[in-house]
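Data block below; observations after.
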Amino acid sequence: MTERKPPGVSFESFVDKQIREAAERGDFAKLEGFGKPLDDDTVPYDELWWIKRKMHREGMSALPPALALRKEAEDAAEAARTAVSESQLRRILGAVNTKIAEALARPPAGPPLNLRPFDVEAAAEEWRKAHPGR
């Protein structure tokens with residue numbers, strides 16, 4: 001709102017006029033979330049909601065690097081178990097093994113890593129047993 005309230009006009013009517021004019025121009029239709037349902041109002045209020053949403057949008061993590069890598073390794077192990085092919089399993093485990101090796105060479109800040117690279121050959125053998133004929 002770039003205008004100042006003119007003298008002699010009540011504050012409420014000035015604000016109402018600004019809102020009405022913005023709605024007529026379609027300014028509210030361009031807002032993020034327009035036409036979508038509101039978030040769940042039964043969830044307790046979190047003062048840092050906007051920071052968490054921004055971090056999620058930017059792909060950032062609040063976890064220390066060691067814990068984030070542990071989580072990534074856990075997700076990779078699950079993805080490898082459900083891989084559709086042995087080559088996909090090898091790509092998944094190879095990628096996370098590279099990150100684990102880098103973290104072991106230069107330990108990240110935070111809690112101990114407590115990770116070892118995955119045994120890709122053993123995982124591939126298990127996958128072949130679980131998926132005969134592929």
Selection from S13, P112, G133 lying farthest towards where the dipole of the chain points positive, charges on Cβ: G133
query: So which aspartates and glutamates can K129 reach, going by Cα to Cα under 12 Å and dropping same-chain residues fewer than 8 places off?
result: E86
- prompt: What chymotrypsin sites (Phe, Trp or Tyr not before Pro) in region 42-134 are in a loop by DSSP, with at most 15 other Cβ atoms within 10 Å of the Cβ?
  reply: Y45
- request: Note down the net charge around R128, summing +1 for each Lys or Arg and -1 for each Asp or Glu among other residues with Cβ under 11 Å from its Cβ.
  value: -2
query: Do you know the Lys pair count in region 1-128 for C-alpha distances under 28 Å, with sequence separation 8 or more or different chains?
result: 13
- line: Quick calc: nm separation of the 7 Å Cα→Cβ label points for T42 and V9 -> 4.4
message: Taking the 0 to 90 degree range and rounding to the nearest ten, how far is the long axis of helix 11-25 tilted relative to the main principal axis of the chain, both from C-alpha atoms?
response: 60
message: Contact order normalised by length for the chain, with contacts defined as Cα pairs under 8 Å and 6 or more residues apart; what percent is it?
response: 19
field: Sequence-distant residues sharing a close amide H with L113 (under 5 Å, placed H)
entry: none
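For D119, what is the net charge nearby, where nearby means another residue's Cβ is under 11 Å from its Cβ and Lys, Arg count +1, Asp, Glu -1? Walk me through the intermediate numbers first.
Values: positive: R116; negative: E121, E125, E126.
Neighbourhood net charge equals -2.
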- request: With only Lys, Arg, Asp and Glu charged, each at its Cβ (+1 for the first two, -1 for the last two), find how big the charge dipole of the chain is about the Cα centre; round to the nearest 20 debye.
  value: 440
- line: Helix 65-81: inclination vs the chain longest Cα principal axis, degrees, rounded to 10, gives 60
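FYI, it's all coordinate maths here, none of it is from the lab. Given the structure is predicted, the values throughout are model-derived calculations rather than measurements. Don't worry about glycine lacking a Cβ; one is built from the backbone with ideal geometry, like all the others, and counts go over all protein chains shown.
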